[in-house]
Amino acid sequence: MLFYIATQPSSPSSVGPQSSWQVPSPALRELVQLLKSQKGDEVVQHYIVKTIENIATQSPNTAYRWFFSFELLWALSQHVRSSSSEHFRHSCLASAAHLWRGMPEEQMLHAEADMAEPELILAGLQDLAPQGIPHALQLTAQVLLRIPCQVAGKTMPGLPPELCTELLKIASQPRCSSALRGRCTVVLAMLCALDDPRDAQSLRAALEQLPMQLERLAREEEGYLVQSVAAVTSALETTVVGVLQALVDTLRRLPSDGTANLQSQDELAGPVYLLPIFVHLACSPLLCSTILGSRALPLLGAVFDLAARAPAPQGSAPISAEQLQPLVLMVMEALTAQQGLMLEHAPQVIRCLLPALAAFLPSNRAEIRLLALKCFCGICVLFLNDDHIFDPMAEKPTETTLLLETFLCGKALPSLPVLLGDEPPAPSYALRLLATLLSRGSSSAGLAVREMGLARHVLASLRIQQVLAPHTALLAHCLVQARQVSVFELAEAGILDLIKDVLVNAVEVVKEPPAQLDFAMVDAALNVAEEALAQVASGLRTVGSAKPSAWDARQSPPPEFGGCLLESLPLLAVLCAPLSRAKLASLLERATGCCHHLADVAACCPQDLRQQLLQLPPKAISALLESLASVARWKSIDASLSRALQRRLLAVLGEAVAMETSAEVRAEVAAGIERLLRDRGLGEDQSIAAEAHGLVAKAVGRGFAPRAGSPT
């Protein structure tokens, strides 16, 4: 009867159900008294609780007006804890949750702090799970949403201390529905948002499992779960901003004279415990946006800058300011892996994070300099390689281009001499950064390198390199191309020897077909070799033929003439075959360009030296013929580039035939070219066909008679 009365619609002239139906107050009080009794008939009490639950579900205001009292809530919690009937306990928990939901907000603010009954929430999450979980979550949400502002950030009343752990358990339970797990994560985010930002106890406890659970929920396509994940991310972003602000305030209160009294050490303990939070967030693809956002980045930059400038305490102390720096750099290292968000917020990262990272570079601790340089190099290289962020060759460079270029030239490049002198692998990171910057065509960077005299520091660092790396070769190419170092200096530093080692290793790999050729490394080595040989050839053409007294055929080639690179023609010829098979036109163009420059160098040398430089073994000549045949069959490559490569290959074969004394080798060359002409592989372009006929004639003119019926 009470449920029927409570759910009747009111007439337009009446106000509430009581206008048409009168429920005696003594009857309601008697029902409440029966329910509050701990020794009453449990069946009757179950009927009463079920009635209250049904009324509260359909008409919360009526249920609150008829039944609500703190004594009743206490009695319901007692039944939940002590009753032996599970169904009765479920009904008591549901009734309590609905009554709390119906309480007006203004009365909630004046309610007693301990009326939320932590035991009631725990019972729903533990003993009465899984049926009691929705009611416990509803009760928890009501407490969190309507908690008085003056207690936010402190130990929250009415909530069990182990609530965070229980919510995480439910969120990780596959037996629970996805919607229920989504609600748990939302409630957990609300709990973290009300934490004291100077401690963030709930957030620290949740981040062990929360990112993984959110990523699982995000993979499901249900609309409610999508909204839940978005709500959690938004709430955690606000929480992170508060924690960052608390960190900034704490770090600003550090003593400036390096002394560490007990008060400052207690204050410093907060950042030491809070910084791992950001490591967890930065490692999560879903939650890293809470840090890499427009609100958090300025504060994060301030934290990094203050940690970099934090004075080291004098004497022994339980917590040192220097402990902050590795933790801060761990956060930054994790953030560098989130390349998408880094690129999206590039202007703010350049303004906020890069200056703070640069403040670590002059540190007197080598391990701090290494960590900072690794992060700094990773971010800068990412930005430098993106044309939308950095394009110094554009007619009108963008703001980020000018900002990043000015910052690197003014802050990063002056620190390179110290960084290049550190223990490995620090010099490698510094060289990679400089190589990327110069390779992008930054005239300001090139001028700064020249004015600071960085080339000699770079050469000193290159001398200790055991193996050539792609960025090392790129940097050497940029420096020699800009005439900041000479070919002689490259040879003296051992770079040309390392380049030849790369070519030798590549030829060894070609001999073993299952092995994989490192085309990127070969490309980098050929890039430097081509520029060095081009400068040597240009210099020799300017001054005339090399003096025999300066270079004897029995000696190794001198450094000023390219050193060991002058003996690399057989290696380059062998490499042309796999490059042509792979249709790597750019690499084949560099390889044949090196051969062309070697021929120019040999042309300026006496006859005996020329013979030494241009003579090729039969295997190398076979590789050139194979490469010529492959290029002639290219269809998807630009026709003009294909013709240019064919001419270069024919020119190299011509130089080799001119130096060849073996009739068998000349016969092989002539037969191979004839075969290509007969198959019309070289006959489509008349100029190339004419050059091919000239090469055959050169081979025949050395004493080889072509077979009968073969074209001349």
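The values are calculated or read from the model by the stated rules, or taken from the named source; none is laboratory data. Since we're looking at a predicted model, the values are computed, not measured. Ideal geometry is used to build each Cβ from the backbone, glycine not excepted, and the neighbour counts take in all protein chains shown. Remember, those area values only see protein heavy atoms, side chains included, never the ligands or the DNA or RNA. Shrake-Rupley method; radii C 1.70, N 1.55, O 1.52, S 1.80 Å.
Structure above, values below:
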quantity	calculated
Which listed pairs, of LYS50/LYS169; LYS635/LYS698; LYS511/LYS698; LYS500/LYS635; LYS583/LYS619, have C-alpha distances above 27 Å, in listed order	LYS50/LYS169; LYS635/LYS698; LYS511/LYS698; LYS500/LYS635
C-alpha center-to-center spacing [the range 580-639, the range 412-471] in angstrom	33
Accessible area in square angstrom per residue, the chain, 1.4 angstrom probe	45
Mean separation of Cα contacts under 8 Å, 6 or more apart, over the residue count of the chain: relative contact order %	5
Segments 236-243, 34-41, 579-586, 459-466 sorted - mean Cβ within 10 Å per residue, highest first	236-243, 579-586, 459-466, 34-41
Surface share of carbon and sulfur [accessible, 1.4 angstrom probe, percent] for the chain	53
Integer Hz, Karplus 6.51/-1.76/1.60 couplings in order for the range 468-481, x for Gly and Pro	6, 10, x, 6, 5, 5, 4, 5, 4, 5, 4, 5, 6, 5
Set of lysines near LYS374 by C-alpha distance (under 29 Å), chain-local residues within fewer than 8 positions excluded	LYS411
Karplus 3J(HN,Hα) series, Hz, for the range 568-573 with 6.51 cos²θ - 1.76 cosθ + 1.60 (x for Gly, Pro)	9, 4, x, 5, 5, 5
Karplus-derived HN-Hα couplings along the range 500-510 (A = 6.51, B = -1.76, C = 1.60, θ = phi - 60°), whole Hz, x at Gly and Pro	5, 4, 4, 5, 4, 4, 5, 5, 5, 5, 4
Rounded FRET efficiency, nearest 0.05, which uses the C-beta distance separating ALA455 from VAL272 and R0 of 35 Å	0.25
Estimated inter-spin distance, GLU423 and SER85, nm [label 7 Å along Cα→Cβ]	7.4
Point-charge dipole on Cβ atoms (K/R +1, D/E -1) for the chain, about Cα centre, debye to 20	1160
Potential lengthening between PHE70 and VAL700 on full extension [0.36 nm per residue; Cα-Cα distance subtracted]	215.5 nm
Ranked by how many other beta carbons lie within 10 Å on average, peptides 561-568, 333-340, 478-485 from highest	561-568, 478-485, 333-340
Extension reserve of the THR165-SER443 stretch, reckoned as 0.36 nm per residue once the Cα distance is removed	94.4 nm
Estimated FRET transfer efficiency (ALA639, ARG309; beta-carbon r; R0 56 Å; 0.05)	0.35
Label-point separation in nm, ALA690 to LYS411, each point 7 Å along Cα→Cβ	6.1
Segment PHE519-ASP387, length gained on full extension (0.36 nm per residue, minus Cα span)	45.1 nm
FRET efficiency, 1/(1 + (r/R0)^6) with R0 56 Å, evaluated for VAL43 and SER177 via beta carbons	0.95
Distance between modelled label sites at GLN22 and THR57, nm, 7 Å Cα→Cβ extension	3.2
